[in-house]
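Participant: Have a look at this one.
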């Protein structure tokens with residue numbers, strides 16, 4: 001488990017991080033979201049030891065991080081950092097060897113990742129000749145080639161087509177399933193919603209929400225239910241002053257009302273014809289994000 005507590009950082013007089021804290025649990029994918037300049041990259045650089053915090057601590061399994069710990073981390077920066085004239089396989093082998101793998105094992109790791117990430121046909125091409133999407137895949141492979149014990153990925157899905165996104169998601173899930181804590185940032189909230197187990201929202205250098213994804217969704221769920229029937233035109237008049245219709249679209253109508261009114265509404269709908277659906281409306285990650293950063 002990787003844990004941040006009371007981490008603060010200033011650049012001159014500007015407060016970039018203000019007493020932030022959250023946990024990245026073993027075997028779980030933690031999505032880290034926030035607008036531009038919110039503090040995501042600075043936080044990641046502090047975790048990696050690239051920057052030093054002005055206050056607070058970053059611990060792994062309850063003890064202060066060391067340089068040896070960080071060498072077992074996998075990091076993907078938002079800005080691509082590979083050697084452009086080196087060939088893909090050659091570069092991955094080189095990076096694995098820098099982390100202590102012998103040549104045969106480094107070659108095996110690199111080849112497995114190249115195939116897994118769909119770079120087999122470009123393995124012996126120079127990085128600078130690859131498309132932006134394939135460069136992104138190579139950058140992800142570079143973060144994984146030494147089989148890290150912790151993963152910190154800054155915008156790993158940027159520039160990837162939908163098929164590549166699915167491939168990378170599957171690879172990251174495999175690492176998490178093996179017990180690796182995974183922290184990743186992304187502006188693509190639909191991907192974060194599908195992928196993350198836990199969510200951290202940062203704005204203005206402060207943590208605005210943090211916790212398991214479904215718990216956060218439950219906390220921000222309004223008492224709105226959707227009823228789908230053949231003809232919902234009667235619902236508004238039936239509710240009167242006991243509730244309200246908050247949205248309507250064809251056969252679907254969303255209502256906000258007390259529990260007893262909702263129960264009577266469902267009974268009434270059943271007497272009038274077929275009820276095709278009756279479900280609670282859960283907020284999307286984008287809706288939660290807008291709510292907590294307001």
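The values are calculated or read from the model by the stated rules, or taken from the named source; none is laboratory data. Predicted model, so just to flag it, every value in this text is computed and none were measured. Here Cβ is always computed from backbone atoms with ideal geometry, including for glycine, and neighbour counts include all displayed protein chains.
Participant: So which residues in region 21-34 are crowded, with 17+ Cβ neighbours inside 10 Å and in a strand (DSSP E or B), if there are any at all?
Facilitator: 22, 23, 24, 29, 30, 31, 32, 33 - these are the residues of region 21-34 that are crowded, with 17+ Cβ neighbours inside 10 Å and in a strand (DSSP E or B).
Participant: So residue 236 ticks every box in (1) outside any strand (DSSP E or B); (2) assigned by TED's automatic domain parsing to the domain that holds residue 154 but one. Which box is left unticked?
Facilitator: Condition not satisfied by residue 236: (2).
Participant: Just checking, how many residues over region 58-111 are under 22 Å from residue 17 (Cβ atoms) and touching a helix residue (DSSP H, G or I) at 6+ places or on another chain (Cβ under 7 Å)?
Facilitator: 7
Participant: So residue 189 clears everything in (1) farther than 30 Å from residue 35 by Cα; (2) in contact with a helix residue (DSSP H, G or I) (Cβ under 6 Å, 6 or more places away or on another chain) except one condition, right? Which one?
Facilitator: With (1) farther than 30 Å from residue 35 by Cα; (2) in contact with a helix residue (DSSP H, G or I) (Cβ under 6 Å, 6 or more places away or on another chain) applied to residue 189, the lone miss is (1).
Participant: Then there's this: Which of the residues that make up region 26-58 are touching a residue at least 12 places away in the same chain (Cβ under 8 Å) and over 23 Å from residue 187 (Cβ atoms)?
Facilitator: Residues satisfying the conditions are 26, 27, 49, 53, 54, 55, 56, 57, 58.
Participant: Picking from 190, 198, which residue would you name as being within 10 Å of the chain's Cα centre (by Cα), touching a residue at least 24 places away in the same chain (Cβ under 8 Å) and surrounded by fewer than 18 Cβ atoms within 10 Å (Cβ to Cβ)?
Facilitator: 190
Participant: Also, I was wondering about something else. Among the residues that make up region 233-252, is at least one of them within 30 Å of residue 17 (Cα to Cα), touching a helix residue (DSSP H, G or I) at 6+ places or on another chain (Cβ under 6 Å) and buried (at least 19 other Cβ atoms within 10 Å of the Cβ)?
Facilitator: No.
Participant: Scan the helices (runs of 4 or more DSSP H) fully inside region 35-98 and keep the ones with 1 or more residues being out of contact with any strand residue (DSSP E or B) (no Cβ under 6 Å at 6 or more places or on another chain) and at pLDDT 95 or above.
Facilitator: 40-48, 88-98
Participant: Name the residues in region 212-232 that are in a loop (DSSP other than H, G, I, E, B), modelled with pLDDT of 90 or more and either in contact with a strand residue (DSSP E or B) (Cβ under 9 Å, 6 or more places away or on another chain) or on the phi > 0 side of the Ramachandran plot (or both), would you?
Facilitator: 230, 232
Participant: Within region 260-286, work out how many residues are surrounded by fewer than 15 Cβ atoms within 10 Å (Cβ to Cβ), outside any strand (DSSP E or B) and under 34 Å from the mean Cα position of the chain (by Cα).
Facilitator: Qualifying residue count, region 260-286: 3.
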